[in-house]
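Have a look at the structure below before the remarks.
The values are calculated or read from the model by the stated rules, or taken from the named source; none is laboratory data. Just so we're clear, the structure is a prediction, and the values are computed from it rather than from any experiment. When we count neighbours, we look across all protein chains shown, and the Cβ atoms used for this are built from the backbone with ideal geometry, even at glycine. The area values use the complete protein model at the heavy-atom level, side chains included, leaving out ligands, DNA and RNA. Shrake-Rupley method; radii C 1.70, N 1.55, O 1.52, S 1.80 Å.
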Amino acid sequence: MKKPTEIAKKFGYEGRIQTIGDGHINNTYLVIPLEGHKLILQKINRQVFRKPEELMANLVKILDHLARNKYPYKPLRIIHTTSGDPYWSDPSGFWRAFEYIDDCSTLTHTNNTRIAWMTAEAYSVFINTLAGLSPSVIRKTIPDFNNPGKRFEEFIDSVNEAVTDRADYAGSLIEQAMDFSDITRQYAEITADLPLRVTHNDTKLSNILFGKKLDRVVAIVDFDTIMPGYVMNDFGDLARSICNTGREDEADISKVSFSTSLFKAISEGYVSTLKDTLTPKENENLLFGVRIMIYIQFIRFLSDYLIGDRYYRIAYPEQNLNRANVHLKLLLDFQEKEEMLMEIISEV
Ligand code: GN1
Ligand code: MG
């Protein structure tokens, strides 16, 4: 495999290289030249993104739309190769680069309602700004990405293909995943009446760049899964990321719960800008989106654990199992609090 140092040169950069970010899919590096702007260099995971050229074409369209529509956050700036191409592709992989946005902080979790509010507001501004862009011009970088029916089928396949012992070991998780499978039918019914929009599809806290003092949002990153989708999925993924009182892979499951105060904060932040954009049906189903996204994340992590960690990057052997456990606990706690959450969001 070619080293990032060599690839950086294709983009006209030379410097010290660090790995950066907490992404589970692509490889991300920071290139620090002796002088001038730093560079973000990314190797796209081609097992996951089968058509990276389409992903880049989406990116260009989206950035162009944001630039023409008063988008208040710092846009991503694509750096071209020395021969003027928006990416570098060779047998070593598919690489692209962005100007590094300096002086920012990122978080993987928070218990601060102000931060929760700001994150939600940013993602809602994002949806609002893209509301004028027809979803039909955006390619599906990963088909059926947030389709729980499809995710459930994949889950069943991975139960059947599970590597030695893992299906036994995760037996109770598998059973509980089956118990919730009616969600997929409800999803099909509900989405029949929902408009497709251009959605972010990875609205986790760590995809927000905050100012150093955590007092404002500077940028939203990770545009790779921007696709036609439903607002409730974006809101749902935001909730599963922010309202979790533990880490995404928390081993001590007693630390995981679904926080109602953080939920109130994100509901207020999200609806503040979007209330006039969303249809009544979209508003009504935001909470269902939370249920769906926690469930989808649960079975995706569980599936990957079962087949031997082939999709997500892991830092230790049980990480996908921990991630699955966390999302099951979140789902159960969400279910217990659902009436209260409904009151909160209705009031908002
Ligand atoms: C993956 O690579 P990253 O961290 O941006 C995944 C998301 C999940 C997320 C869970 C293409 O995102 O769908 O929500 O992990 N991205 C892809 O943290 O599968
Ligand atoms: Mg992502």
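One line per residue, one yes/no per condition, for (1) of a type in the set (S, T, N, Q); (2) outside the structural domain of Lys70 (by TED's automatic domain parsing); (3) within 16 Å of ligand 2 (Cβ to nearest atom); (4) touching a strand residue (DSSP E or B) at 6+ places or on another chain (Cβ under 7 Å):
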site: Pro91; (1), (2), (3), (4): no, no, no, no
site: Phe98; (1), (2), (3), (4): no, no, yes, yes
site: Ala122; (1), (2), (3), (4): no, yes, yes, yes
site: Leu130; (1), (2), (3), (4): no, yes, no, yes
site: Ser134; (1), (2), (3), (4): yes, yes, no, no
site: Thr141; (1), (2), (3), (4): yes, yes, yes, yes
Candidates Thr184, Thr164, Thr191, Thr119, filtered to the one that is of a type in the set (Ser, Thr, Tyr) and under 30 Å from Leu214 (Cα atoms) | Thr119
Looking at (1) within 20 Å of Phe298 (Cβ to Cβ); (2) in contact (Cβ under 8 Å) with a residue 40 or more places away in the chain, which is the only condition Ser261 fails?
-> (1)
State yes or no: is Ser303 within 16 Å of ligand 2 (Cβ to nearest atom), assigned to a helix (DSSP H, G or I) and hydroxyl-bearing (Ser, Thr, Tyr)?
-> no
Hey, among the residues in the stretch 306-327 that are open to solvent by less than 10 Å² (accessible area, probe 1.4 Å) and out of contact with any Gly (no Cβ under 8 Å at 6 or more places or on another chain), which one's nearest to ligand 1 (Cβ to nearest atom)?
-> Arg323
Within the stretch 292-309, residues in contact (Cβ under 8 Å) with a residue 12 or more places away in the chain and closer than 15 Å to Ala162 by Cα come out as Ile299, Arg300, Phe301, Leu302, Ser303, Asp304, Tyr305, Leu306, Ile307, Gly308
The number of residues in the stretch 206-235 that are more than 11 Å from the chain's Cα centre (by Cα), over 20 Å from Ala131 (Cβ atoms) and within 15 Å of ligand 1 (Cβ to nearest atom) is 1
Taking the stretch 23-45 only, how many residues are in contact with a strand residue (DSSP E or B) (Cβ under 9 Å, 6 or more places away or on another chain) and within 11 Å of ligand 1 (Cβ to nearest atom)?
-> 8
Among the helices (runs of 4 or more DSSP H) lying completely within the stretch 157-265, list those that include at least 2 residues that are open to solvent by less than 30 Å² (accessible area, probe 1.4 Å) and within 16 Å of ligand 2 (Cβ to nearest atom).
-> 231-242
The residue that is surrounded by the most Cβ atoms within 10 Å (Cβ to Cβ), considering only those in the stretch 109-121 that are assigned to a helix (DSSP H, G or I) and over 14 Å from the mean Cα position of the chain (by Cα), is Ala116
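For every residue, the table says whether it meets (1) part of a helix (DSSP H, G or I); (2) modelled with pLDDT of 95 or more; (3) of a type in the set (Val, Ile, Thr).
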position: Ser267; (1), (2), (3): yes, yes, no
position: Ser272; (1), (2), (3): yes, no, no
position: Asp276; (1), (2), (3): no, no, no
position: Ile296; (1), (2), (3): yes, yes, yes
position: Arg310; (1), (2), (3): no, yes, no
position: Ala315; (1), (2), (3): no, yes, no
position: Arg323; (1), (2), (3): yes, yes, no
position: Leu328; (1), (2), (3): yes, yes, no
position: Gln335; (1), (2), (3): yes, yes, no
Members of the stretch 10-33 found to be within 16 Å of ligand 2 (Cβ to nearest atom), surrounded by 17 or more Cβ atoms within 10 Å (Cβ to Cβ) and assigned to a loop (DSSP other than H, G, I, E, B), listed by number | Ile20, Gly21, Gly23, His24, Ile25, Asn26
Within the stretch 34-50, residues more than 16 Å from ligand 2 (Cβ to nearest atom) and either outside any loop (DSSP other than H, G, I, E, B) or not aliphatic (A, V, I, L, M) (or both) come out as Glu35, Gly36, His37, Lys38, Leu39, Leu41
Residue count, the stretch 278-290 (criterion: in contact with a Pro (Cβ under 8 Å, 6 or more places away or on another chain) and either open to solvent by less than 40 Å² (accessible area, probe 1.4 Å) or modelled with pLDDT under 95 (or both)) = 1
Only one of Ala57, Ala67 that is touching a residue at least 24 places away in the same chain (Cβ under 8 Å) and under 28 Å from Asn128 (Cα atoms) = Ala57
